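The values are calculated or read from the model by the stated rules, or taken from the named source; none is laboratory data. The shown structure was predicted, so the numbers you read here are calculated from the model rather than taken from an experiment. When we count neighbours, we look across all protein chains shown, and the Cβ atoms used for this are built from the backbone with ideal geometry, even at glycine.
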Ligand code: COA
């Protein structure tokens, strides 16, 4: 049975800051951010966007009425969730009008969560071939003003519909995964910002990739020559480049050239959006699929997922005939082109503008946010959302 990715949606807020402006404000050489880290723009979420509204906006653009009837499982992956008990998936299920005979859950393991969702969906569809599953990877990356991680912030969501006989990519088996209990990045319950040991997170990402790649090659007998491209979780684009460069000497000159060129394509969206945690790997896949001009159906794409804490996984997929027709490239071009640049001072103001904890009732200015779906406030401690299109 062929199971895989049938649709991919994406949403990022309408505000961004240039990382070179951020560097100047922080007394840092801009080259460190644009070349050393590899980030050019950073999406900034207004108070009217949270993980739920970002996810709903990402899915909103791709779902037809037929999809809403066929989806029987909504899996919401996030590490910036809005409730310790109720799943973000339940809010999205309601906002999108998905049929009531569906399961809706939230999964968590740092930036790995959406990959867990994809593998759960694969198993679910294998048992229920008529099913479609909606997987949402949605996050706001927050490290804090003037911190080492600040330039690697961002916000956005990716929405993936999985089914049998998918239009974009079938997923192959087996995949290879690994877990190790480490404290490279975490966010205690009381904090709205991540705690991070940046150097450890980079070292662990690299050692996870190399260890998993070694086991995957033994298990599958696949080598670099068998991959048209490898997409990486991209907390910042230099991170994936470091990982690719660690294994690339294994390939021929042609392999190296192809994989490096396709990596360039796969980082374009991430470079101008920033880290979106759980969705980052799939934003990179989207960048590769939408922006490449020469990758043909039948090509194998490798995917490396890493979630601090830590869990990693490597798996692959095969592109399907006419996969480009199933993409929403023009919408994403418009979404990214119509964003508004804000100054560092404005970004700092937006960053500090958060819903005060414990406030029972708040109304938020949704009229300032062009998104179709917004977080509109809190009523008796219950979060409220609006769909502006009715
Ligand atoms: N021009 C070009 N490159 C420059 C430069 C300049 N003027 N100044 C510095 N650099 C390069 C450095 O040489 C380094 O390159 P390298 O990694 O290839 O050696 C890179 O910029 C980063 O510099 P570094 O001093 O290591 O940055 P940092 O101490 O500020 O930390 C992170 C970077 C990623 C660790 C930090 O942003 C962070 O903690 N981010 C959040 C966690 C994260 O994203 N982890 C990733 C794994 S999940």
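Some observations on this one:
- Taken over region 197-235, the residue count meeting the criterion of being surrounded by fewer than 21 Cβ atoms within 10 Å (Cβ to Cβ), within 16 Å of the ligand (Cβ to nearest atom) and not in a helix (DSSP H, G or I) is 1.
- Residue 148 being in contact (Cβ under 8 Å) with a residue 24 or more places away in the chain, assigned to a strand (DSSP E or B) and within 30 Å of residue 26 (Cβ to Cβ): no
- Checked against the criterion of being in a strand (DSSP E or B), crowded, with 24+ Cβ neighbours inside 10 Å and touching a helix residue (DSSP H, G or I) at 6+ places or on another chain (Cβ under 6 Å), the candidates 306, 269 yield just one match: 306.
- Taking the criterion of being buried (at least 24 other Cβ atoms within 10 Å of the Cβ) and assigned to a loop (DSSP other than H, G, I, E, B), the only residue of region 111-139 that qualifies is 112.
- Near pairs, Cβ below 8 angstrom, 6+ apart or cross-chain, from region 21-39 (more than 18 Å from residue 276 (Cα to Cα)) to any residue that is at pLDDT below 95 and not in a helix (DSSP H, G or I): none
- Scanning region 175-189 for residues that are in contact with a strand residue (DSSP E or B) (Cβ under 6 Å, 6 or more places away or on another chain), closer than 15 Å to residue 111 by Cα and surrounded by 15 or more Cβ atoms within 10 Å (Cβ to Cβ) returns 177, 178, 185, 186.
- Conditions (1) touching a residue at least 12 places away in the same chain (Cβ under 8 Å); (2) in a loop (DSSP other than H, G, I, E, B); (3) surrounded by fewer than 20 Cβ atoms within 10 Å (Cβ to Cβ): number failed by residue 166: (3)
- Selected residue (only one of 17, 52 is in contact with a strand residue (DSSP E or B) (Cβ under 7 Å, 6 or more places away or on another chain), modelled with pLDDT of 95 or more, under 25 Å from residue 330 (Cα atoms) and assigned to a helix (DSSP H, G or I)): 52
- Figure legend. Inter-residue proximity from region 174-203: first residues under 30 Å from residue 3 (Cβ atoms) and touching a residue at least 12 places away in the same chain (Cβ under 8 Å), second residues outside any helix (DSSP H, G or I) and within 9 Å of the ligand (Cβ to nearest atom), beta-carbon distance below 7 Å, spacing 6+ or different chains. Indicated pairs: 180/310.
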